[in-house]
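Let me begin by presenting the structure, written as structure tokens, before commenting on it.
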Amino acid sequence: MAYTKEQLVEMYKIMQRGRLFDKKIATESKKGKLVGMFHFGTNQEAFEAGLMPLIGPDDYLKPYHRNHGCLSMCDMKLYVAGMLERATGYNNGIGGDYHQQDIADLHLLPLDGLIGEDWLHDTGVAMALKLQNKPGVVINCQGDGGAQMGALYEAMNFASLFSLPIVYVVVNNGVAMTTPTEKECKCSEISGRAAGFNVKGVSVWGQDPIAVREAMEAAIESARRGEPALVEVMTYRKCGHYFGDPRDYETAERDARMSEKYPDPIPRFEKMLQEMGICTEEELKGYAKEIKNEIAEAFEWAYQQPRLTGDMTKGADKVFSNTEGGKL
């Protein structure tokens, strides 16, 4: 499928935004300015570049904990303020980095602290959309570790039975926390499991944002017709489970093999854009500089915002929804 220069540049910017945001977090963490556990998505940014441009105003997205590419749908200043526990940020700074959400305006669904349980929660959101005759699709993203949880298979069975508008995305980055995928799963492709529930399943090489986008476009259109789908994005995480994780569980031999199979998507895409005559090297450097400045400005603004105080976290409305009937 052919894409315009604007679309291709947008995908490139999403990859750079995710990569540069992670680097900024690392820098600020080393300075002792950030508190909490941060999960990076180094080398798997093409997944976000292929997905994020497809999220429409009626759709709902549940990113997973390495999804800083979802910043393309957020106000970055508010996101950073929320991450820094500032009262003016998303969720009044209560959620930190891991639990940022904005259901009402951005349709950004919350993450559950229990990996793999969100499959069920977001299938309920898809059911709500159907019952309320709303046009949106739910996109639920989790890792290969989350795909080993039984909740995914209960969810797919339910979604198939009721023809729900949902796409399940498994970002298979080769390791679940500290366990290599081959030691937790004998399937060569997790997407094959979808067939048991009459759900459309496909695996796509996750270093090419265009390939990811085409797979996601087909899956989302399928879900809009009431035919749920599962997309497995095959990639490799070139970083620890969390910032500071030394990756002692990763051998040099396996890292070299996986790195060759899943090369860095950013320079790969840069080379492609230049060879296609879409962008010059100078243009690409300009986009990266623009994003780096945007991130720096967001942090500078957020650091000036009022801090969250203990009394702001009290109240049932900070835990439970007061929306009548749980309407979306």
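The values are calculated or read from the model by the stated rules, or taken from the named source; none is laboratory data. Keep in mind it's a predicted model, so treat the numbers as computed, not measured. Counting neighbours? That spans all protein chains shown, and the Cβs are built from the backbone with ideal geometry, glycine included.
Tabulated results
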read-out	value
Qualifying positions in the range 58-100 - in a loop (DSSP other than H, G, I, E, B), closer than 30 Å to Leu8 by Cβ and at pLDDT below 95	Pro63, Tyr64, His65, Arg66, Asn67, Cys74, Asp75, Asp97, Gln100
Filtered residues of the range 113-123 (kept if outside any helix (DSSP H, G or I), crowded, with 18+ Cβ neighbours inside 10 Å and not hydrophobic (A, V, I, L, M, F, W, C))	Gly116
The range 141-158 residues that are surrounded by fewer than 19 Cβ atoms within 10 Å (Cβ to Cβ), paired with ones that are in a helix (DSSP H, G or I) and of a type in the set (Lys, Arg) (beta carbon under 8 Å, 6 or more apart)	Tyr153/Arg193
Spans of helices (runs of 4 or more DSSP H) in the range 185-288 with at least 3 residues surrounded by 16 or more Cβ atoms within 10 Å (Cβ to Cβ) and touching a residue at least 24 places away in the same chain (Cβ under 8 Å)	209-224, 265-275
Residue match in the range 83-90 (condition: in contact with a Lys or Arg (Cβ under 6 Å, 6 or more places away or on another chain), within 30 Å of Gln16 (Cβ to Cβ), buried (at least 23 other Cβ atoms within 10 Å of the Cβ) and not hydroxyl-bearing (Ser, Thr, Tyr))	no
Condition check for Asp97: in contact (Cβ under 8 Å) with a residue 24 or more places away in the chain, more than 23 Å from Phe299 (Cα to Cα), surrounded by fewer than 21 Cβ atoms within 10 Å (Cβ to Cβ) and among the charged types (D, E, K, R)	no
Pairs where the first residue, in the range 106-123, is without any contact (Cβ under 8 Å) to a residue 40 or more places away in the chain and closer than 21 Å to Pro57 by Cα and the second is hydroxyl-bearing (Ser, Thr, Tyr) and part of a helix (DSSP H, G or I), C-beta under 6 Å, 6+ apart	none
Candidate set from the range 1-49 (those that are charged (D, E, K, R) and part of a loop (DSSP other than H, G, I, E, B)); member that is nearest to the chain's Cα centre (by Cα)	Lys33
Positions within the range 102-128 being modelled with pLDDT under 80 and within 16 Å of the chain's Cα centre (by Cα), in sequence order	Leu111, Asp112, Gly113, Ile115, Gly116
Within the range 124-140, considering residues that are among the polar types (S, T, N, Q) and in contact (Cβ under 8 Å) with a residue 24 or more places away in the chain, the one surrounded by the most Cβ atoms within 10 Å (Cβ to Cβ)	Asn140
Positions within the range 1-59 being among the hydroxyl-bearing types (Ser, Thr, Tyr) and either surrounded by 15 or more Cβ atoms within 10 Å (Cβ to Cβ) or touching a residue at least 60 places away in the same chain (Cβ under 8 Å) (or both), in sequence order	Tyr3, Tyr12, Ser29, Thr42
Scan of the range 147-184 for residues that are in a helix (DSSP H, G or I) and touching a strand residue (DSSP E or B) at 6+ places or on another chain (Cβ under 8 Å), ordered by number	Ala147, Gln148, Leu152, Ala155, Met156, Ala159, Thr181
Among the candidates Met37, Met11, residue that is in contact with a Phe, Trp or Tyr (Cβ under 8 Å, 6 or more places away or on another chain) and modelled with pLDDT of 90 or more	Met11
